[in-house]
Amino acid sequence: MLHIKSNSFNRIGLVPTMGSLHEGHLGLIIKAIKQNDIVIVTIFINPTQFDDKLDFIKYPKNIDEDLKKIRGFNSNILVYSPNVEDLYNNKIISKKFDFNNLDKIMEGKYRKSHFNGVATIVYKLLSVFKPTNAYFGEKDYQQLIIIKALVLQKKIKTKIISCKTIRNKNGLALSSRNLLLTNKETNLAPIIYKTLKKVKSFKNKMSQNEILVYVKKIFHDQNEFKLEYFKILNEKKLTSVDNLKKEKKLRAFIAVRLGKIRLIDNIKF
Ligand code: PAF
């Protein structure tokens, strides 16, 4: 689908997605429309970034709805929605990247091949479309940092633009996976963001370890949840910090399992 309204596509904005577009994605598209002459939205559920086959199979798919939402913008938007074979030929495997420790912690620890899969597909899209700007949400903050590292490492000229996490009225960070939560789980899930906000208020009162004990207790007391990790890290390098009071550029990260669904979130700390 291509609505051409201008002859000069000097600036190309790329918005890579896995579809099931929600307000978070639409926010990326709106920013991309403002900053570019043409926007390319890619919709591709990338098999190599799923370490869990069932998660891949169950990932929500809503291409007709997605196209309807994109048409609503009435701007220069091109949608690229390839098949797996278009991007991988017969070999559905990811390339191996070296991001030092960036991809070994948090998501990388719990989802072993995840970031090689993400980087494979993002590298491919950046190489093919050569966008001026590419847009990623802060909800997947570790992904954002790794993509910035990828661009530096591969000397890609695209500017990586980050966009704030969009939340529902109860604070739950928007994610396509939220569609897979039961009603009960949807009502429970806002405790994730509430906990992040609460511990932020402890910054100058508690040590990192005390905060971790507090977070562990919150999720231990809720049978439906299983805490995978909670970390407060330097937000640029994703390295651990000794003293919360001294460090300025901090971010708190959390991953939980709620029933069968894995949810992540983060806030500036
Ligand atoms: O964030 C996502 O939706 C995916 O990880 C991305 C960047 C589209 C790569 O498949």
Quiz item: Mind listing the phi-derived Karplus ³J(HN,Hα) values for segment 236-249, rounded to whole Hz, using 6.51, -1.76 and 1.60 with θ = phi - 60°, and x for any glycine or proline?
Solution: 8, 9, 6, 9, 6, 10, 7, 10, 4, 5, 7, 7, 9, 8
Quiz item: How many nm separate the modelled label positions at K236 and N83, each set 7 Å beyond the Cα in the direction of the Cβ?
Solution: 4.6 nm
Quiz item: Cα gyration tensor of segment 155-269, axes a ≥ b ≥ c as square roots of the eigenvalues: rounded (a/c below 1.5), prolate (a/b > b/c) or oblate?
Solution: oblate
Quiz prompt | GNM flexibility winner over the chain from S240, S175, S94 (Cα, springs under 10 Å) | solution = S240
Quiz item: By the gyration tensor of its Cα atoms, with a ≥ b ≥ c the square roots of the eigenvalues, what is the shape of the chain: rounded for a/c under 1.5, prolate for a/b over b/c, or oblate?
Solution: prolate
Practice problem: Measure nothing fancy, just the Cα-based angle from helix 23-35's long axis to the longest principal axis of the chain, in degrees from 0 to 90, nearest 10. | Solution: 50 degrees
Quiz prompt | Between 0 and 90°, nearest 10: helix 141-153 axis offset from the chain longest Cα axis | solution = 50 degrees
Practice problem: Work out the FRET efficiency for K159 and D64 from their Cβ-Cβ distance, taking R0 = 41 Å, and round it to the nearest 0.05. | Solution: 0.80
Exercise. With a Förster radius of 51 Å, plug the Cβ-Cβ distance of N90 and M206 into 1/(1 + (r/R0)^6) and report the FRET value to the nearest 0.05.
Key: 0.45
Self-check item: Distance (nanometres) between label positions extended 7 Å along Cα→Cβ at K260 and N10
Solution: 5.1 nm
Quiz prompt | Whether segment 206-269 is rounded, prolate or oblate, judged on the alpha carbon gyration tensor where a/c under 1.5 counts as rounded | solution = oblate
Exercise. Give me the angle, in degrees from 0 to 90, between the Cα long axis of helix 114-129 and the longest principal axis of the Cα atoms of the chain, rounded to the nearest 10.
Key: 30 degrees
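Only counting other Cβ atoms within 10 Å, I'd like E138, E85, E247 sorted with the fewest neighbours first.
By the 10 Å Cβ count, ascending: E85, E247, E138.
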Quiz item: Counting only residues 5 or more places away or on other chains, whose amide H sits under 5 Å from the amide H of R11 once H atoms are built in the peptide plane?
Solution: D37, I38
Quiz prompt | Linear extension gain, N74 paired with K197, 0.36 nm per residue minus alpha-carbon span | solution = 40.6 nm
Quiz item: Using a Gaussian network for the chain with springs between C-alpha atoms less than 10 Å apart, which of these wobbles most: N234, N46, N90?
Solution: N90
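Read-outs throughout are calculated quantities, based only on the coordinates presented, and are distinct from any laboratory measurement. This is a predicted model, so every value here is computed, not measured. Using ideal geometry, Cβ is built from the backbone for each residue, glycine included, and neighbour counts are taken over all protein chains shown.
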